[in-house]
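Encoded as structure tokens, the structure appears first; notes follow it.
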Amino acid sequence: MIRDQKLWTWHILAGAVILVLLGLHMLTMHMEGVVKLEGLNPASAANEAQGGGKLQPIDWANVKARSAKVFYLVTYILLLGAALFHGLYGATNVVHEANPPRWLHKTVSALAVVVGLGLFAFGTWAAIAAFLLAKAL
Amino acid sequence: MSDTKHHPNRLGLWGWLGGGRWGMERYLYALHRVTGLGLLAYFLLHIVVTSSRAFGADRWKTAMDAVTGPLFKFGEYLVFVAFAFHAANGIRLALLELGFAVGEPIEPVYPYRTSVHVQRPLAIGALALAAVLVAIGTASMWLVD
Ligand code: HEM
């Protein structure tokens, strides 16, 4: 398989991973009013059971409860990598399709690699640091 | 082997934004591209903003307070709609590209028949799935809270 074919296959495979994990993320953040799955917002149910008001998915109690779980640590890093690769590869393809001069072609590819690796390292650090912090609290 | 020639991109942006005389799939292609690039732009910022959770409750709250208000809520809703379309249409594209739902190959005999008609039900199915997701998201984000 030539290099581009391989990368394209990974692009499609990453799309499948994103579909599942981003689907879960969207269920948690934007569909929770209609589709109620308790495990996705762990602090909400407990808060309501204690007579507290409705918590939002992004309230710290929910964020902390998710951050402390190994499941979220692993899937967030997986989603981070898959979405960065899928999105940046897709964006470079859009530029390449416009037939730019060779220097621009190369610059855009290099920029995608630098931005992708940089944000992957940063996001992975944040997920691990949040996991350790939530565990300690 | 001859070198590949550099062809000028004469149609420019219109080449992929406009559907021309091609069917609805051509617009789905443009929308897939626009939503893909939009999701990417949002996602790159989202990584930076949400990493504030690593510094504890106060920093998290400060970051979230900076992105609240009606404008941000509407922007978030657009991101959700883009996700719904891109995900549903992405399933369609992946299926087609792997050779599903394109029909049997036929002899290229005049009058030529295009496989687009065979693919059409999948496109309609993808749009229906996107519509269901948007309906759930709309209810959840604007009506239920
Ligand atoms: C929800 C799950 C997703 C699925 C199933 C999916 C699927 C796909 C598919 C099948 C393609 C076209 C590949 C091709 O025809 O060669 C594509 C393109 C693309 N996707 Fe996604 N995707 C998803 C999420 C995302 C996300 C979250 C981003 C942004 C971070 C993104 C950004 C892009 C970009 C920029 C393109 C290139 C568009 C183009 O070439 O016109 N996608 N996606």
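Below is a table of values for the structure above.
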{"read-out": "Backbone HN-Hα couplings from phi across region A:13-23 [Karplus 6.51/-1.76/1.60, Hz, Gly and Pro as x]", "value": "4, 4, x, 5, 4, 4, 3, 6, 6, 6, x"}
{"read-out": "Dipole axis of region A:52-137 (+1 Lys, Arg; -1 Asp, Glu on Cβ), positive-most option in A:Leu78, A:Gly90, A:Trp60", "value": "A:Trp60"}
{"read-out": "Degrees separating the helix A:70-97 axis from the principal Cα axis of chain A, which is the longest one", "value": "30 degrees"}
{"read-out": "10 Å Cβ neighbours from other chains, averaged over peptide B:35-48", "value": "4"}
{"read-out": "Inter-chain shielding of A:84-97 (mean C-beta neighbours from other protein chains, 10 Å cut-off)", "value": "3"}
{"read-out": "Two-site label geometry, B:Val118 and B:Trp14: point separation in nm, points 7 Å out along Cα→Cβ", "value": "3.4 nm"}
{"read-out": "Assigned charges on the beta-carbon of Lys, Arg, Asp, Glu; region B:17-143 dipole about Cα centre (debye)", "value": "180 debye"}
{"read-out": "Under 30 Å between alpha carbons - lysine pairs in region A:2-136 that sit 8 or more apart or on different chains", "value": "10"}
{"read-out": "Hits among lysines - C-alpha to C-alpha of B:Lys73 under 18 Å, sequence gap 8 or more where chains match", "value": "B:Lys61"}
{"read-out": "Net charge contributed by nearby residues that have their C-beta within less than 14 Å of A:Val113 (K/R +1, D/E -1)", "value": "+2"}
{"read-out": "By accessible area with a 1.4 Å probe, ligands and nucleic acids excluded, highest first: order of A:Ile12, A:Ile128", "value": "A:Ile128, A:Ile12"}
{"read-out": "Label zone at B:Ala101 (point 7 Å along Cα-to-Cβ), backbone N below 12 Å, region B:62-88", "value": "B:88"}
{"read-out": "Cβ crowding within 10 Å averaged over residues, with A:49-57, B:53-61, A:27-35 ranked highest first", "value": "A:27-35, B:53-61, A:49-57"}
{"read-out": "Chain B: angle of helix B:57-66 to the longest principal axis, Cα-based, in degrees nearest 10", "value": "60 degrees"}
{"read-out": "Theoretical FRET efficiency, 1/(1+(r/R0)^6), r = Cβ-Cβ of A:Gln50 and B:Ala128, R0 51 Å, to 0.05", "value": "0.80"}
{"read-out": "Cα pair distances exceeding 25 angstrom across the protein assembly as shown, given as percent", "value": "55 percent"}
{"read-out": "Inter-label distance, nm, simple model (7 Å from Cα along the C-beta direction), A:Phe122/B:Tyr29", "value": "3.5 nm"}
{"read-out": "Highest average packing first - A:73-83, B:81-91, Cβ atoms within 10 Å", "value": "B:81-91, A:73-83"}
{"read-out": "The protein assembly as shown, dipole about Cα centre (Lys/Arg Cβ +1, Asp/Glu Cβ -1), debye to the nearest 20", "value": "420 debye"}
{"read-out": "Cut-off 11 Å between beta-carbons: net charge of the residues surrounding B:Gly15, Lys and Arg +1, Asp and Glu -1", "value": "+1"}
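The values are calculated or read from the model by the stated rules, or taken from the named source; none is laboratory data. Given the structure is predicted, the values throughout are model-derived calculations rather than measurements. No Cβ is skipped: glycine too gets one built from the backbone with ideal geometry, and neighbour counts run over all protein chains shown. Accessible surface is based on the protein model in full, side chains and every heavy atom, while ligands, DNA and RNA are left aside. Shrake-Rupley method; radii C 1.70, N 1.55, O 1.52, S 1.80 Å.
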